[in-house]
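Single-structure report; data block below.
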Amino acid sequence: MHDVVRQLLAKHGSLPVSVDEIANNADLYDAGLSSFASVQLMLALEEHFDVEFPEHLLNRKSFSSIDAIAAAVSEIADDQAA
Amino acid sequence: MTAAGPVTAMSLPERAKRAAKVAAKYADAVDREGRFPSEALDAMKAERLMGVMIKAELGGEGASLSEVADVCVTLGQACGSSAMVYAMHQIQIASLNDYAVGSAWYEEFLGRVCDEQLLIGSATSEAGGIGGNLRNSICAVDVVGDVVRLEKDATVISYGEASDAIMVTSRRNADAAPSDQVSTVFVKGQYTLEKTTDWDTLGMRGTCSEGFIFRAEGAKEQILPRPFAEIAAQSMLAVSHLLWSALWYGIAYDAFARGQSFVKAAARKNPGQTPPGALRVAEAANLLQQVKGNVVSGLKQFEAAKGNPDALNAMSFAVAMNNIKIGTSQTILTVINHCMLICGIAGYKNDTPYSLGRHLRDAHSAQLMISNDRVLGNTSTMLLVNKPDPSLVG
């Protein structure tokens with residue numbers, strides 16, 4: 001999961017630094033993730049995992065770190081498979 | 001503090017009206033001369049309006065954002081520039097109230113704001129391609145030991161010269177990304193302002209939003225403990241949209257009141273005949289009610305979300321606040337234009353009881369301060385994933 005998130009983040013995150021330099025728990029907004037890029041990343045995740053982000057996960061916290069994104073995607077995947 | 005007793009015994013709306021009376025008296029001179037509304041600000045300070053939103057333990061009155069917005073409506077009816085200066089000051093207060101908790105320096109500073117009725121300015125815009133993009137900085141704070149230094153080429157610092165303190169955004173350090181920002185308040189005496197640009201504008205001429213090279217040195221603990229990203233997302237953007245909208249509503253309301261008086265005077269002169277402008281007064285009242293509803297519902301949503309970072313961070317909340325700004329800034333222009341058609345040449349002239357030039361020019365700033373195109377662009381991005389809630393009770 002973290003690897004896929006990293007790949008999509010590298011492609012859609014428009015970050016000023018390399019994703020390899022970012023720890024799983026590092027703050028992505030501090031690393032330069034814009035709100036526009038976070039939505040692009042969200043769309044890419046939805047496409048890749050064939051899921052849709054529910055309203056309660058559409059906030060800054062869900063995209064604040066690689067860990068948080070992975071947790072959010074896992075939560076949706078579990079919910080939508082159930 | 002000796003003056004605090006008798007003044008604060010009066011209700012906040014009453015004190016706001018007293019300050020607004022002074023603001024109204026000088027509004028045309030402030031507009032014509034493009035000067036700072038110092039009489040109005042002196043009156044606001046005399047009415048002890050600067051610290052009302054600060055909690056009582058620090059010397060404030062713990063007023064809600066809705067109560068402060070109502071002060072903005074009252075001031076907006078009197079003088080758009082005065083109301084805007086007050087609103088911008090309160091935007092900084094809202095940020096400091098919630099995002100400097102536990103900081104001894106800030107507790108003392110907020111106490112001073114109440115005691116000395118300090119006016120806080122803001123320096124977010126920057127030269128070098130940043131412009132008004134609030135969430136990016138080039139300059140960076142330089143911390144050596146316990147001392148923080150900052151130099152910023154600020155393209156706009158509203159009422160910079162009249163401010164008693166200025167809150168400045170910058171990068172966290174020289175290696176940080178442009179969006180990795182902090183905010184620091186420097187008080188008068190800790191900074192110098194070297195003027196770079198003038199403020200000779202269509203409207204809002206009294207805000208004196210000149211450009212300056214800002215150079216400051218202060219104590220390290222003046223850097224706000226929370227990241228600016230969080231302050232902007234959870235407080236500053238929403239509070240700005242709400243307080244601006246409140247004062248814009250005030251400007252439009254005063255234009256409406258002039259239009260209504262004009263029609264009433266015509267009706268008195270010709271009893272039995274409906275004046276030609278009467279229908280437009282009804283149309284303007286309808287639009288004004290939409291503006292008011294927009295602001296009231298936004299304030300209600302903000303008060304409900306306050307203190308809950310999840311609710312304040314939600315995309316649906318940001319979309320709602322953006323929509324309030326767009327709706328209000330567009331509709332007030334239509335309202336004032338209706339009033340201009342109602343009052344005719346008496347509204348177009350600058351020296352009649354029905355003059356509307358200042359209202360119309362001030363109101364034109366609304367769609368530019370945080371450009372509506374930028375706000376709509378931001379909303380359209382969020383609407384790629386966010387679905388607005390259709391519920392009326394949710």
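The values are calculated or read from the model by the stated rules, or taken from the named source; none is laboratory data. Quick caveat: nothing in here was measured; it's all calculated off a predicted structure. Don't worry about glycine lacking a Cβ; one is built from the backbone with ideal geometry, like all the others, and counts go over all protein chains shown. Surface areas here come from the heavy atoms of the whole protein model, side chains and all, with no ligands, DNA or RNA. Shrake-Rupley method; radii C 1.70, N 1.55, O 1.52, S 1.80 Å.
Roughly what would the spin-label model give for B:Asp142 and A:Asp20, points 7 Å off Cα along C-beta, in nm?
Those two pseudo-labels are separated by 3.4 nm.
Based on the alpha carbon coordinates of the range B:228-382, what radius of gyration and maximum Cα-Cα distance (Dmax) apply, in Å?
Cα-based Rg and Dmax for the range B:228-382 come out at 18.1, 61 Å.
The range A:43-67: which residues show an accessible-area loss of 30 Å² or more, assembly versus chain alone, 1.4 Å probe?
A:Leu43, A:Glu52, A:Glu55, A:Leu58, A:Asn59, A:Arg60, A:Lys61
Give me the aspartates and glutamates in straight-line cross-link reach of A:Lys61: C-alpha distance below 13 Å, same-chain residues under 8 apart excluded.
Cross-link targets: A:Asp27, A:Asp30, B:Glu230, B:Asp310.
Projecting each Cα onto the charge dipole of chain B (Lys/Arg +1, Asp/Glu -1 at the beta carbon, about the Cα centre), which of B:Gly344, B:Cys208, B:Ile370 comes out farthest on the positive side?
Result: B:Gly344, furthest along the dipole toward the positive end.
Which whole number of Å³ per residue matches the convex hull of the alpha-carbon atoms in the range B:191-242?
123
Considering only protein heavy atoms and a 1.4 Å probe, what is the carbon-and-sulfur percentage of the accessible area of the protein assembly as shown?
Carbon and sulfur: 53 percent of the exposed surface of the protein assembly as shown.
If I take R0 = 35 Å and measure r between the Cβ atoms of B:Glu221 and B:Glu61 in this structure, what FRET efficiency does the formula 1/(1 + (r/R0)^6) give, to the nearest 0.05?
Result of the calculation: an efficiency of 0.85.
Select from A:Ala68, A:Ala44, A:Ala23 the residue whose mean-square fluctuation is largest in a Gaussian network model of chain A (Cα-Cα springs shorter than 10 Å).
A:Ala23
Using only protein heavy atoms and a 1.4 angstrom probe, determine the accessible area buried between B and A, summed over both sides, in Å² to the nearest 100.
Chains B and A together bury approximately 1500 Å².
Counting only C-alpha contacts under 8 Å and six or more residues apart, can you give the relative contact order of chain B as a whole percent?
Worked out over chain B, it gives 16 percent.
Using +1 at the C-beta of Lys and Arg and -1 at the C-beta of Asp and Glu, which of B:Met44, B:Asn97, B:Cys114 has the Cα lying farthest in the positive direction of the dipole of the range B:4-118?
B:Met44
Can you give the accessible area of A:Val19 in Å² (nearest 10), computed on protein heavy atoms with a 1.4 Å probe?
10
Checking a compactness column here: for the range B:4-118, what do you get for Rg(Cα) / (2.2 N^0.38 Å), N being the number of residues?
In units of the globular-protein estimate, the range B:4-118 measures up at 1.04.
Leaving ligands, DNA and RNA out of it, rank B:His241, A:His12 by accessible area with a 1.4 Å probe, largest first.
Heavy-atom accessible area, descending, gives A:His12, B:His241.
Counting only C-alpha contacts under 8 Å and six or more residues apart, can you give the relative contact order of the range B:121-222 as a whole percent?
33
In a GNM of chain A with a 10 Å cut-off on Cα contacts, which of A:Val17, A:Val51, A:Val39 has the highest mean-square fluctuation?
Most flexible of the set in this elastic network: A:Val17.
Short version: which residues of the range B:355-394 lose at least 10 Å² of accessible area, all chains versus chain alone, 1.4 Å probe?
Residues meeting the cut-off: B:Asn378, B:Thr381, B:Leu384, B:Val385, B:Asn386, B:Lys387.
Can you classify the range A:2-79 as rounded, prolate or oblate using the Cα gyration tensor, where a ≥ b ≥ c are the square roots of its eigenvalues, rounded means a/c under 1.5, and otherwise it's prolate if a/b beats b/c and oblate if not?
The shape class here is prolate.
Looking at chain B as a GNM with Cα springs under 10 Å, which of B:Thr197, B:Thr331, B:Thr207 has the largest mean-square fluctuation?
Maximum fluctuation in the GNM of chain B, among the listed residues, is at B:Thr197.
Taking the Cα centroid of the range B:332-353 and of the range B:111-153, what is the distance between the two, rounded to the nearest whole Å?
So the separation of the two Cα centres works out to 39 Å.
Under 18 Å Cα to Cα from B:Lys188, which lysines show up? Leave out anything in the same chain fewer than 8 places away.
Result set, ordered by chain and number: B:Lys45, B:Lys152, B:Lys220.
Give the accessible surface of the protein assembly as shown per residue, rounded to a whole number of Å², with probe radius 1.4 Å and ligands, DNA and RNA excluded.
44
Quick check for you: which residues of the range B:198-223 have the amide N under 19 Å from the point 7 Å beyond the Cα of B:Leu333 toward its beta carbon?
B:201-205
With 20 Å bins from zero, work out the P(r) of the protein assembly as shown over every alpha carbon pair and list the percent per bin.
In order of increasing distance, the bins hold 23, 53, 22, 2, 0 percent.
Could you size up the charge dipole of chain B around its Cα centre, putting +1 on the beta carbon of Lys and Arg and -1 on that of Asp and Glu, and report it in debye to the nearest 20?
It comes to approximately 1460 debye.
Rounded if a/c is under 1.5, else prolate if a/b beats b/c, else oblate: with a ≥ b ≥ c from the C-alpha gyration tensor eigenvalues square-rooted, which is the range B:304-345? Present the calculation step by step, with values, prior to reporting the outcome.
Values: a/c = 8.01, a/b = 4.15, b/c = 1.93.
Prolate.
Between the range B:230-294 and the range B:77-97, how far is it from one alpha carbon centroid to the other, in angstrom?
20
Over the range B:291-394, what is the relative contact order in percent, taking alpha-carbon pairs closer than 8 angstrom and at least six residues apart?
RCO, the range B:291-394: 27 percent.
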